[in-house]
Amino acid sequence: MTDMEKKVMVRLCAKILTETELYDTDMEMRNLIDWICVSEQIKTNNIQSVI
């Protein structure tokens, strides 16, 4: 997945979180959103630790 695709995924997750109740009502959706956000945060932290 390219960086642009990952950014789009994170933005979609943010939109889902703010505009729906899916995060609270659908455990599979919650797990997917958590995984996407955490994996992006890990990547960011790894890049910052290299710099």
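Only protein heavy atoms count here; under a 1.4 Å probe, ILE16 has an accessible surface of about 40 Å². Given their separation in residues at 0.36 nm each and the Cα-Cα distance between them, LEU32 and ARG11 gain 6.2 nm when the chain is fully extended.
The values are calculated or read from the model by the stated rules, or taken from the named source; none is laboratory data. This one's a predicted model, so the numbers in the text were calculated from it and none came from an experiment. Side chains included, ligands, DNA and RNA excluded: accessible areas come from the protein's heavy atoms. Shrake-Rupley method; radii C 1.70, N 1.55, O 1.52, S 1.80 Å.
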